[in-house]
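*Asks:* Encoded as structure tokens, here's the structure I'll be asking about.
The values are calculated or read from the model by the stated rules, or taken from the named source; none is laboratory data. On a predicted model such as this, the values are computed, not experimentally measured, just so you know. Cβ atoms come from the backbone with ideal geometry, glycine included; neighbour counts cover every protein chain shown.
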Amino acid sequence: MSIFDEFEEKNRLLKLQKDYENGIILEEELTKKQKEELMNLYNEQIRNLEDEIARSKVTLKMYKNKISKKMEKLKKNN
Amino acid sequence: MDKSNNNELQKMKTYKEKVPLSKKIEIFEEFLNTGGEIVGKTVYKGYPIGMWAIQIRRKIKIHKMGLKGGINPSKEELKKLKVLGILEKQRETLDEKMDYLLQWVEKYPDVKIVWEPSAEKKLKGYAESDDEYNKLLLEYEKAKKCYTYICDRKSRGELEEKYFEKCKEAKLNPDIFGYSTHIEELSKKFGLEHRKVDYLLEKYGSIENFVRLYRNGKLKDEDLEFAKRTIKSYIDIDENPYSDNYDRLIEDIYGERQDIIFYSSKRLQEVIERLTERQKFMFKEHYGLETGKMKMFKTIAEEENISKSGASYIAKTVLEKIRKSYRNSREIFVLDKIEDESDFQKEMLEVFKESLDKSNIVFKTVKSSRNDSLKYFYSTKFDSIRKMIKIHNYEEKFYEEENTEKRNLADMTIDQLGLSLRARNCLMRAGFESVDQLASVVSKYVEDGKSVDDFFSKINYCGKRITAEIKLKLEEIGINLENDSGLIDLESIRIKRERLQGELSNLRQREKEAQELLNQYNALLGDNEENKNLNDE
């Protein structure tokens, strides 16, 4: 499968997902294959989201450390 | 018997003359004119007329059947025989006999109808003169005859039920006719012999009176021993003399939280029977279940030459055993507020009414720390309920509507799952004791959008292999944790993604806020370099 084909396939799936979420296509109307594809897409998105959440949590922790250090410095200066 | 009668009998024995039927009829007429009755043994002027009457009836029957040896009386003779009443049996009916017998038993309850050597002495006590005594003797013999006749009939299986029940109620002979239904019910309820119940009822009126007297310490030696032997095995808080001891035991089992507990004594006894003899001894001594006196561990230990800690350890292990046996059972339910009758209580009362005839003992406890008026209120309330309940399967009926599978799960412990030792230890260390508990916690975890594997990975020493094993075992019972979470459902997956998206956006906003806060601090400190570095990162 070429890159263009993959891109088209993904676009098609995203469109299907949008239609499903907007209620244009019901779950009962989906075929088994479409359901499986959607499930995989959702799982992939969830995995990506979980990764992003983990990353953002790490950065938040970093900020927290920095802020606490700054606060200590400020207290000392005062 | 009179001398004249004896002579007549002697004549009868030597009598060989054949008497024709016409002459027999004349003799019958003569005898009946004197006002006598013809019975089997009546003899008149040396003639055995009683025997004649029987023979005539039998021979006429034989002739009618067409056999040899019968007689065929003429029409005139037959008429005369009919008028004299010889063709019919001149016996008393069964009803008359029964009435006579029952009247006799009522009149003279001390004198037994069954053979008794002291009967004549007892009858003398009733009679004032010799004539009366002779009369009484005759009546006694007649009553005896009636009794033997009824007994014969019973042994042949010809006694009807109504007569049988009459004999039962009159306590004629319990070995043959059995005891009354009331006595049978009581003996079943208390697990006593029929004779003992009969004895108690005669002496004390009711068994409740007997128990009350026992509890108040007013029984004499023989009865006291009898009561000790019989009543102590009957664990009912209202009727057991050591109810306070059982109260204490129940408090130890359930704690002091509950006010009133319905409690099946059957199960308690089952558990006690399963213990070893040493455990049984220690347990019963400590709570005073047999003697009524509770003993400290110290005194038991001194008596048995063991350490105090050893004695307390044994008793505690027993208590734990009992607690475990009740942990997941539905047998107990607690009523906290009796005053306002809730729908639950009404339902319960209905169930009690339904299971009225069943006979399992259930007993109650009232928390001792409550004030007396409240205690009295509870006890009276429960007495009224008690009248309605003879519960056997009340809990089964009550939970009939519930799903049976769920009920099985509730009863199942982790040990019963059949896991490997490592997996079992993992779950036990994490504090799970029943399957129901585990399933509920996991489902809550999954509802929050986390996976089942995540849950198990948080338990110490619970690796992938163990989680797989636990999942498999649960699936074998019929619990699919992932199915319950709804992860396979497309809609739920979508919801999960949206939830994660929301979470991410929240985190990003917080990041922004944190960055702004950090910038403010940097501005305050004048440290711009670090800010630059951070932005680069």
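*Asks:* Return only the number of the condition from (1) at pLDDT below 75; (2) assigned to a helix (DSSP H, G or I); (3) more than 8 Å from chain A (Cβ to nearest Cβ) that B:L487 does not satisfy.
*Replies:* Condition (2) is where B:L487 drops out.
Quick grid of which residues meet (1) within 8 Å of chain A (Cβ to nearest Cβ); (2) modelled with pLDDT of 75 or more; (3) over 30 Å from A:Y63 (Cβ atoms); (4) not in a helix (DSSP H, G or I):
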| site | (1), (2), (3), (4) |
| --- | --- |
| B:V442 | no, yes, yes, no |
| B:Y445 | no, yes, no, no |
| B:F456 | no, yes, yes, no |
| B:N460 | no, yes, yes, yes |
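*Asks:* Can you find even one residue in segment A:9-16 that is within 30 Å of B:R510 (Cβ to Cβ) and within 16 Å of the chain's Cα centre (by Cα)?
*Replies:* In the first step, residues of segment A:9-16 are kept if they are within 30 Å of B:R510 (Cβ to Cβ); the result is A:14.
Narrowing further to those that are within 16 Å of the chain's Cα centre (by Cα): A:14.
Yes - at least one qualifying residue is present in segment A:9-16.
*Asks:* A further question on this structure: If I filter segment B:175-192 down to residues being modelled with pLDDT of 75 or more and outside any helix (DSSP H, G or I), which single residue comes out as farthest from B:V114 (Cα to Cα)?
*Replies:* Per the criteria, the residue is B:S180.
*Asks:* Can you name the number of the only condition in (1) closer than 18 Å to B:P174 by Cβ; (2) free of Cβ contacts under 8 Å to residues at least 40 places away in the same chain that B:K135 fails?
*Replies:* (1)
*Asks:* I'd like to know if segment B:275-288 contains one or more residues that are modelled with pLDDT of 60 or more, in a loop (DSSP other than H, G, I, E, B) and closer than 30 Å to B:Y204 by Cα.
*Replies:* Taking segment B:275-288 as the starting set, the residues that turn out to be modelled with pLDDT of 60 or more are B:275-288.
Checking the rest, the ones that are also in a loop (DSSP other than H, G, I, E, B) come to B:275-276, B:288.
Subsequent filtering for residues that are closer than 30 Å to B:Y204 by Cα retains B:288.
Yes, segment B:275-288 has at least one match.
*Asks:* Can you give me the number of residues within segment B:35-90 that are part of a helix (DSSP H, G or I), loosely packed, with under 14 Cβ neighbours inside 10 Å and basic (K, R)?
*Replies:* Here the count works out to 6.
*Asks:* Give segment B:494-523 a look and list any residue that's more than 11 Å from A:I67 (Cβ to Cβ), more than 7 Å from chain A (Cβ to nearest Cβ) and either of a type outside the set (A, V, I, L, M, F, W, C) or buried (at least 16 other Cβ atoms within 10 Å of the Cβ) (or both), or say none. Give the steps one after another, and end with the answer.
*Replies:* Here is the first cut: in segment B:494-523, the ones more than 11 Å from A:I67 (Cβ to Cβ) are B:494-512, B:523.
Filter again for more than 7 Å from chain A (Cβ to nearest Cβ), leaving B:495, B:498-499, B:502, B:505-506, B:509, B:512, B:523.
Answer for segment B:494-523, where residues must be more than 11 Å from A:I67 (Cβ to Cβ), more than 7 Å from chain A (Cβ to nearest Cβ) and either of a type outside the set (A, V, I, L, M, F, W, C) or buried (at least 16 other Cβ atoms within 10 Å of the Cβ) (or both): B:E498, B:R499, B:G502, B:S505, B:N506, B:Q509, B:K512.
*Asks:* For segment B:193-217, name all the residues that are in a loop (DSSP other than H, G, I, E, B) and at pLDDT below 70.
*Replies:* Restricting attention to segment B:193-217, the residues satisfying the condition of being in a loop (DSSP other than H, G, I, E, B) are B:193, B:205-206, B:216-217.
Answer for segment B:193-217, where residues must be in a loop (DSSP other than H, G, I, E, B) and at pLDDT below 70: B:N216, B:G217.
*Asks:* How many residues does segment A:1-54 hold that are β-branched (V, I, T) and exposed (fewer than 14 other Cβ atoms within 10 Å of the Cβ)? Before you say what the answer is, go through the steps one by one.
*Replies:* Going through segment A:1-54, the residues β-branched (V, I, T) turn out to be A:3, A:24-25, A:31, A:46, A:53.
Keeping just the survivors that are exposed (fewer than 14 other Cβ atoms within 10 Å of the Cβ) gives A:3, A:24, A:31.
Adding up the residues that qualify gives 3.
*Asks:* Quick one: is A:L41 more than 30 Å from B:L517 (Cβ to Cβ) and either aromatic (F, W, Y) or within 12 Å of another protein chain (Cβ to nearest Cβ) (or both)? Don't jump to the end; show me each part of the working.
*Replies:* Values: more than 30 Å from B:L517 (Cβ to Cβ): yes; either aromatic (F, W, Y) or within 12 Å of another protein chain (Cβ to nearest Cβ) (or both): yes.
It is true that A:L41 is more than 30 Å from B:L517 (Cβ to Cβ) and either aromatic (F, W, Y) or within 12 Å of another protein chain (Cβ to nearest Cβ) (or both).
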